[in-house]
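The block underneath contains the structure these notes are about, expressed in structure tokens.
The values are calculated or read from the model by the stated rules, or taken from the named source; none is laboratory data. Keep in mind the model is a prediction, meaning the values are calculated, not measured. Here the Cβ is made from the backbone with ideal geometry for all residues, glycine too, and neighbour counts use every protein chain on show. Protein only, heavy atoms only, side chains kept; ligands, DNA and RNA dropped before computing areas. Shrake-Rupley method; radii C 1.70, N 1.55, O 1.52, S 1.80 Å.
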Amino acid sequence: LAESRLATDTASFTLPRSRLEVGAGDVVSLPEEGGDGLFRVDRVELLPHAQKIEAVRVEPETYRLLPFDEQLGRIRPFTAPGLVIPFYMDLPLMTGEEVPHAPHVAVTANPWPGSAALYSSSEDAGYALDKILELRTPIGITQGPLAPVGSGIIDRGDALTVNMIYGTLESLSDDQVLGGGNLCAIGDGNPGNWELIQFRDATLVDEDTYEITHRLRGQLGSEREEVWPTGSYIVRLDGSPQQIDLAVSQLGLDRFYRVGPASQPVDSPAFSQAQLAFDGVGLRPLSPVHLRLSGRPGQSRTARWIRRTRIGGDPWQGIDVPLGEEREQYLVRVRQGDAVLREVFVDSPEWTYDLAAQSSDGINGAFELDVAQVSAVIGAGTFAHLSAVA
């Protein structure tokens with residue numbers, strides 16, 4: 001050792017040249033007070049009979065391998081948040097525990113972001129958080145048409161094929177279906193255009209594709225007279241759709257809604273936007289049933305019907321179903337084509353169209369009789385229709 005400064009973290013020394021020469025990057029051991037020290041060679045200058053070396057002190061811990069943690073070491077690919085697709089649904093009361101006038105929203109996305117956020121505002125600015133949606137709703141698309149069928153009877157028609165975007169369908173027993181199981185909404189995506197159906201049998205016929213049969217149609221007053229075309233949506237009402245916070249005073253008013261991943265800000269491109277107004281279908285009285293007209297043409301005619309209720313109509317112990325409205329009232333309408341000849345309000349489920357009123361209306365030939373129960377909040381509910389001849 002010709003020269004050394006081992007009291008510091010650097011050392012400069014010369015060594016005799018030999019066949020085994022020290023190179024940059026090597027670690028050498030040098031004696032010092034208290035034992036040997038380790039130095040990393042940074043620079044070597046070759047002299048005729050020696051090597052001039054500059055080195056820096058190193059610690060053994062620097063070169064010790066640490067245990068490898070697979071979880072920490074695993075590289076997870078980044079997946080950009082996808083567009084969250086909402087389905088807004090203005091639905092009738094299903095359990096009776098819902099807020100009657102508030103619509104529902106169901107969401108899906110691929111990939112699912114873990115949870116979705118719904119924001120709302122009266123204008124396209126100043127959005128406030130409405131809901132965090134933790135669950136993705138099972139949603140499918142019909143692969144064929146579904147013809148209309150009256151409610152209260154089992155639809156034994158052709159199987160309806162449904163391709164599920166997400167989720168599965170399953171068969172249930174008769175008792176489970178009659179107890180409310182397999183309740184779905186079928187519609188075109190517009191908030192107020194949904195029919196509630198149930199089914200007993202679901203048969204897997206292809207990947208994510210089912211045939212559903214033994215159906216109950218027009219449940220809870222959602223009867224429909226038109227065919228549902230191919231490409232209609234099936235939304236499982238399994239508890240994952242949530243009700244939107246909406247005041248009764250906001251019914252019929254346009255509001256702005258944005259839905260997207262809960263982890264993203266409301267102005268993220270992953271959010272979808274809609275401008276919608278809701279009618280509060282849960283407040284709408286159901287249409288009367290068994291509408292009939294007695295008397296012959298040229299005579300006074302008496303219409304009679306039976307009301308239904310949107311609240312608490314399942315128990316069979318009572319004489320009649322609960323009223324469900326503040327008072328019993330009906331709107332009776334007489335039409336010929338698109339022309340409304342007469343409208344009257346009555347307080348009992350019958351009305352007489354006497355000869356004097358027929359003469360005053362100038363009615364002649366075929367006419368339509370419409371009857372709807374009236375709500376104090378939203379007015380006339382769904383009409384029942386009857387064709388007759390004066």
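Where strands (runs of 3 or more DSSP E) sit wholly within the range 96-139, those with at least 2 residues that are β-branched (Val, Ile, Thr) occupy 104-108. Leu293 meets the conditions (1) in contact with an Asp or Glu (Cβ under 7 Å, 6 or more places away or on another chain); (2) part of a strand (DSSP E or B) in every case but one. The failed one is (1). Is the range 147-160 home to any residue that is on the phi > 0 side of the Ramachandran plot, in contact with a strand residue (DSSP E or B) (Cβ under 6 Å, 6 or more places away or on another chain) and among the charged types (D, E, K, R)? No, every residue in the range 147-160 fails to be on the phi > 0 side of the Ramachandran plot, in contact with a strand residue (DSSP E or B) (Cβ under 6 Å, 6 or more places away or on another chain) and among the charged types (D, E, K, R).
Give the range 48-83 a look and list any residue that's surrounded by 10 or more Cβ atoms within 10 Å (Cβ to Cβ) and either at pLDDT below 80 or of a type outside the set (Val, Ile, Thr) (or both), or say none. Listed by number, the residues that qualify are Ala50, Gln51, Lys52, Glu54, Ala55, Arg57, Tyr63, Pro81, Gly82, Leu83.
Checked against (1) more than 14 Å from the chain's Cα centre (by Cα); (2) modelled with pLDDT of 95 or more; (3) open to solvent by 10 Å² or more (accessible area, probe 1.4 Å); (4) closer than 29 Å to Asp314 by Cα, Gly179 passes all but a single condition, namely (2). A single entry from Gly231, Gly192 fulfils the requirement of being touching a residue at least 24 places away in the same chain (Cβ under 8 Å), within 22 Å of Phe383 (Cβ to Cβ), touching an Asp or Glu at 6+ places or on another chain (Cβ under 9 Å) and assigned to a loop (DSSP other than H, G, I, E, B): Gly192. Apart from one condition, Ile165 fits all of (1) open to solvent by 50 Å² or more (accessible area, probe 1.4 Å); (2) aliphatic (A, V, I, L, M); (3) assigned to a loop (DSSP other than H, G, I, E, B); the exception is (3). Restricting attention to the range 155-173, does a residue exist that is without any contact (Cβ under 8 Å) to a residue 40 or more places away in the chain and aliphatic (A, V, I, L, M)? So far as the range 155-173 goes, yes, one or more of its residues are without any contact (Cβ under 8 Å) to a residue 40 or more places away in the chain and aliphatic (A, V, I, L, M).
For the range 316-334, the criterion of being over 30 Å from Pro191 (Cβ atoms), touching a residue at least 24 places away in the same chain (Cβ under 8 Å) and open to solvent by less than 50 Å² (accessible area, probe 1.4 Å) is met by at least one residue. Restricting the range 182-205 to residues that are within 16 Å of the chain's Cα centre (by Cα) and open to solvent by 40 Å² or more (accessible area, probe 1.4 Å) leaves a set whose member that is farthest from Met89 (Cα to Cα) is Asp188.
Given the criteria over 28 Å from the mean Cα position of the chain (by Cα) and in a strand (DSSP E or B), does Val321 qualify? Against the criterion (over 28 Å from the mean Cα position of the chain (by Cα) and in a strand (DSSP E or B)), Val321 does not qualify.
Scanning the range 239-268 for residues that are under 24 Å from Pro138 (Cα atoms), of a type outside the set (Gly, Ala, Ser) and assigned to a loop (DSSP other than H, G, I, E, B) yields a count of 4. Residues considered: Pro288, Pro297. Of these, the only one that is in contact (Cβ under 8 Å) with a residue 60 or more places away in the chain and surrounded by 18 or more Cβ atoms within 10 Å (Cβ to Cβ) is Pro288.
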